[in-house]
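Here the structure is laid out as structure tokens; the discussion comes afterwards.
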Amino acid sequence: MSENLSDRYDPNDVEGRIYQFWEDQNYFAAEDQSTKPPYSIILPPPNVTGFLHMGHALDHTIQDLLIRWKRMKGFNAMWLPGSDHAGIATQAVVEKDLRKQGKERLEMGREAFLEEVWKWKETYGDRIYSQMKRLGDSVDWKRETFTLDPGVSKAVRKTFVHLYKKQWIYQGEKLVNWSPPLQSAISDLEVVHKDTKGSLYHLSYPVEGSEKRIVIATTRPETYLGDACVCVHPDDDRYKDLVGQFVVLPIIDRKIPIIADEYVDREFGTGALKVTPAHDFNDYELGKKHELEFINILNVDGTLNENGGPYQGLKVQEARKRIVKDLEDKEFLIKTEPHQHAVGYCDRTGAVVEPYLSKQWFVKTKDLSTPARHVVSNESLKFVPEQWTKTYIHWMNIIEDWCVSRQLWWGHRIPAWYCADCDHVTVAEEDPSQCEGCGGKDITQEEDVLDTWFSSGLWPFSTMGWPEDTEAVKTFYPTSVLVTGHDIIFFWVARMIMMGLEMKGDVPFRQVYIHGLIRDSQGRKMSKSLGNSIDPVEMIDGYGADALRFTLMSQMATGKDLKFSLQRLEGYRNFMNKIWNATRFSLSNMEGFEAPTEGTEAVINVADLMTADRWLIYQTGLVEKEVNELLEEMRFSDAAHRIYAFTWHEFCDWYLEFSKPVLYGENEEQKKVTQLMLAQTLNRIVRLLHPFAPFITEEIYQKLPIRGEACIVDDYPDFEKDQKWLSLGSEEASFEMELVKQVITAVRNVRGENSIKPSEKIDAWLSPKDDKSQKILGSNKSEIMRLASLENCTISARDSLKKCAVAPIRLGDSQVDVIIPLEGLVDIDKEVTRLKKLIEKQEKDMQKINGKLSNERFVANAPEDVVEADKKLLASISSKVEEMRESLMRLSQ
């Protein structure tokens, strides 16, 4: 049967074909009405402008693993895909393309520009979907949703109107992050803070009617044009007598008061603070508190406006140069110092973000945030790992009103209409034909669109057809789990929870799984500037999707960042090849085997099973039980390592070797038993591995003698449900084979330590210390001799251990000494020298650890697990050193 599997596994030949097979058979589809229990995940929608990056690869692999596992567990598993219109990102990309054609958005007009954006979306919008297929995402494609789809737009309008009628949406003039090139407000997430080399300018403001001056320091001297006051601490003796007086702003000769507030840090700088409420977030709060004047000095394009006086029309950087020169010329600039500080940049345009006073639409968050906080506090919704609960609660305690308007054209246009006749604002789900206030016809819709996060906040239910009461909503909402990174807990997760509770009366998901970041092999964040970014599609091209997925999952320790390296990726590609070759070997030895009609239910008479068979079945039961438990706890790396260890070590390294004498022998009845063992075990291995490595497992599954329709829809191996087969296993047989394995491994280790060729036949004495070990060694002597490559094997004590290597084995209550005479096999003097050097090195290591453990401060302050680990390491090294000393003594006799 091996002709069905090629000599080597080629992912490029398999993956596209297998994915098409799954799609053709509609295996990804979930049912809106089903007797199966529901399990649902909403894919965090990637930007329509995006490419698959390593963060996506990690995020999607976790979700796909969960969906495939639950699908195989008998759930009505629904994974809903979609993409985000990404207002700022998409508009910026299209504007850039149009400029190359000599076109400008403002000259084109709204309708013509939006036509171009939709054309761009139709051309490039599905790009990331094809990359998701390369990764193996088993999403229900017929449910694919775009955040500007008509259904989503309907949900957005209904929510906006609902909140407006509750007076939880309002218009107000507040300070926002402003991107001058976009001429729009942007969210905190779209502001990238970078350490920037700048200057600290010390300016002197004359006190009115006095020779005194107050010196202030600023990194943005141009903002002095919008200063509303100078603020000092009320207990600062330097300025007490000046509070209530005025300073005169240089050049523009505008008077501003000197006020006192405990907010000011007396010890910082001169203890005097210039306050610019319209251009600094901290100053904005002071301005509100003291009812100061809010003086905006900027136009929407980032140039200075009429409040800029002689600098009107200049861009900020040019104005700064001119102002600094003028202040210096007039002796108001005391000094300039180099100063490195964090500056916010727009991540789409690269321009400096300006705090800007602007009339915007806001969502009141106080009443929305309270229930959103409670559902996490009372564990109706849980964060995994739990540490993120505190972060979320903290953010919800300090949440401020949410600016939801953006001065863009691409997005959900705010459903508000202004009346020219009576100034009334009509907010409605459907486009009105007249003003609801006066009935006038001269109404104009708000130009602004909603923040992308507004529509994304409705994603868990707007994608299922809400506000209609659809069967999908009834079945799949709340969703089961949200998988995402910690960077958008506040921006997206919190908004979904608030919106879900308000509009649906329930949480949007039961769990939030927060994963870490992918870093490079040195632990650095991946970035273009460092040149360490990795394209997952290139990795798939070179190594296969399964190797990439398994690499990511094998390092997915709960909540921790993972280090990605090509070396690991190569290692897990080798794992895929190992499985492929083990299958080829097994199938090549299936001649004459007839697949039982009972399939995986087929069993064997216990009396016909070898000890190795019963050991393997017992180990199969353990791995089935443990992997399911680990996946329930979302311990993905532990589950991956458990499957890896069972497949590579227990099945490939050991059982296949134990099976060869039978497969190559003449006993046909025993051969049939071993063939069934191989068929049953391979079937379970590929099913266990399928959520992690779907392509290779499906390809192998379709060639197995025992199989169902497809691996993707077969049952996931389950300890409780698989008892008919697993009951053939034996804990006693497992103990027996573990002892045999350890004896063989001990012999092989002695060979390795002494550079004895694996092919060279040697003698061994096996010295059991108990009757149980004596019996096990006797029963398995031929296997031990074959796999340890022994010329002679004596099972008894040896009188003299002179010039011998001794490897003591302890397993439970059983003890065996593996004794290998070395005389004539190795250079004894050379081995003595090696051991002495090794003992010396290990003793130095012990000294270091002892030094740490004898340091009271270390023991008192270090984490308990670190101290415990050091103690265990010390005990282990100490034991090894003792063994080496005994070896040295034997060799020196």
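Hey, any idea what % of region 430-473's accessible area is carbon plus sulfur with a 1.4 Å probe?
Result for region 430-473: 41 percent of the exposed heavy-atom area is carbon or sulfur.
Using the Cα gyration tensor of region 1-81, with a ≥ b ≥ c the square roots of its eigenvalues, what is the shape: rounded (a/c below 1.5), prolate (a/b larger than b/c) or oblate (neither)?
Oblate is the answer for region 1-81, as a/c is 1.5 or above yet b/c matches or exceeds a/b.
Where the Cα atoms of region 186-289 are projected onto their three principal axes, how long is each span, largest first, in whole Å?
46, 29, 25
How much accessible area per residue does region 522-663 have, counting only protein heavy atoms and a probe of 1.4 Å, in square angstrom?
Result: 42 Å² per residue.
Relative to the longest principal axis of the chain, what angle (0 to 90°, nearest 10) does the C-alpha long axis of helix 87-100 take?
In the chain, helix 87-100 runs at an angle near 80 degrees to the longest axis.
Report the net charge of residues surrounding ARG143, where surrounding means a beta-carbon distance below 12 angstrom and charges are Lys +1, Arg +1, Asp -1, Glu -1.
Combined, the nearby Lys, Arg, Asp and Glu give -4.
So what is the orientation-averaged projected area of region 137-208, using the convex hull of its C-alpha atoms, in nm²?
Result: a mean projected hull area of 12.0 nm².
Only one of the listed values, [x] 1.17; [y] 1.23; [z] 1.07, was derived from the coordinates as Cα Rg over 2.2 N^0.38 Å; which label is it?
[y]
Kindly give the semi-axes, whole Å and largest first, of the ellipsoid equivalent to region 249-379, taking each as the square root of 5 times a Cα gyration tensor eigenvalue.
In descending order, the three semi-axes are 33, 21, 17 Å.
Could you tell me, in Å, what Rg and Dmax come out for the Cα atoms of region 527-656?
So, for region 527-656, Rg and Dmax equal 18.5, 66 Å respectively.
Students often get this wrong, so check it: of LYS288/LYS366; LYS121/LYS158; LYS212/LYS255; LYS769/LYS837; LYS660/LYS724, which have C-alpha atoms separated by over 23 Å?
Those over the limit are LYS121/LYS158; LYS769/LYS837; LYS660/LYS724.
I need the P(r) histogram for region 311-457: all alpha carbon pairs, bin width 10 Å from 0 out to the longest distance, whole percents.
9, 20, 23, 22, 17, 8, 1
If you count only protein heavy atoms with a 1.4 Å probe, what accessible area per residue comes out for region 50-124, rounded to a whole Å²?
Per-residue accessible area for region 50-124 comes out at 38 Å².
Provide the packing ranking of 723-733, 385-395, 843-853, 680-690, i.e. peptides ordered by the mean count of other C-beta atoms within 10 Å per residue, highest first.
Result, highest mean Cβ count within 10 Å first: 680-690, 723-733, 385-395, 843-853.
Determine the distance separating the Cα centre of region 180-235 from the Cα centre of region 341-403; give it in Å without decimals.
The two parts, judged by their Cα centres, are 26 Å apart.
Where nothing but the Cβ of Lys and Arg (+1) and of Asp and Glu (-1) is charged, how large is the charge dipole of the chain around its Cα centre, in debye to the nearest 20?
Computed about the Cα centre, the dipole is about 1940 debye.
Keeping all protein chains in place, calculate the accessible area per residue for region 410-490 (probe 1.4 angstrom), answer in Å².
So region 410-490 comes to 37 Å² accessible per residue, rounded to a whole number.
Could you tell me the ratio Rg/Rh of region 440-549? Both radii from Cα atoms, Rh via Kirkwood.
Over the Cα atoms of region 440-549, Rg/Rh equals 1.13.
Using alpha carbons only, how many degrees (0 to 90, rounded to 10) separate the axis of helix 545-554 from the longest principal axis of the chain?
Taking the Cα atoms of the chain, the angle to 545-554 is about 90 degrees.
If you check each cysteine of the chain for another cysteine whose beta-carbon is under 4.7 Å away, which ones come up empty?
Cysteines of the chain left without a disulfide-compatible partner: CYS229, CYS231, CYS346, CYS403, CYS652, CYS711, CYS793, CYS804.
In terms of the Cα gyration tensor, with a ≥ b ≥ c the square roots of its eigenvalues, is region 1-158 rounded because a/c is under 1.5, prolate because a/b exceeds b/c, or oblate?
Note, shape of region 1-158 comes out oblate.
At what distance in angstrom do the alpha carbon centres of region 10-54 and region 750-783 lie from each other?
51
Report, in degrees rounded to the nearest 10, the 0 to 90 angle that the Cα long axis of helix 668-689 makes with the longest principal axis of the chain.
10
Among 408-418, 95-105, 569-579, 543-553, what's the highest-first ranking by average C-beta atoms within 10 angstrom per residue?
Highest to lowest by the protection proxy: 543-553, 408-418, 569-579, 95-105.
Could you point to the residue in LEU777, LEU726, TRP765 farthest towards the positive end of region 707-785's charge dipole, with +1 and -1 charges on the Cβ of Lys/Arg and Asp/Glu respectively?
TRP765
Using alpha-carbon positions, what is the distance between the centroids of region 66-142 and region 420-474, in Å?
23
Ranked highest first by the average count of other Cβ atoms within 10 Å around their residues, in what order do 443-451, 427-435 fall?
So the order, starting with the most tightly packed, is 443-451, 427-435.
Share of region 754-893's accessible area from carbon and sulfur, percent, 1.4 Å?
Carbon-and-sulfur percentage of accessible area, whole number: 49.
Could you run the Karplus curve 6.51 cos²θ - 1.76 cosθ + 1.60 with θ = phi - 60° over region 834-840 and give me ³J(HN,Hα) per residue in whole Hz, x for Gly and Pro?
Per residue, the Karplus-derived 3J(HN,Hα) values read 4, 5, 4, 5, 5, 4, 4 Hz.
Please report, as a whole percent, how much of the solvent-accessible surface of region 76-225 comes from carbon and sulfur atoms (probe radius 1.4 Å).
48
Quote the charge dipole size of region 419-512 about the Cα centre in Debye, to the nearest 20; the model charges only the Cβ of Lys and Arg (+1) and of Asp and Glu (-1).
720
Treating only the Cβ atoms of Lys and Arg (+1) and Asp and Glu (-1) as charged, compute the dipole magnitude of region 74-206 about its Cα centre; round to the nearest 20 debye.
200
The values are calculated or read from the model by the stated rules, or taken from the named source; none is laboratory data. None of these values were measured; they are calculated from a predicted model. Because the Cβ atoms are built from the backbone with ideal geometry, glycine has one as well, and the counts that use them run over all protein chains shown. We work out accessible area using only protein heavy atoms, side chains counted, and drop any ligands, DNA or RNA first. Shrake-Rupley method; radii C 1.70, N 1.55, O 1.52, S 1.80 Å.
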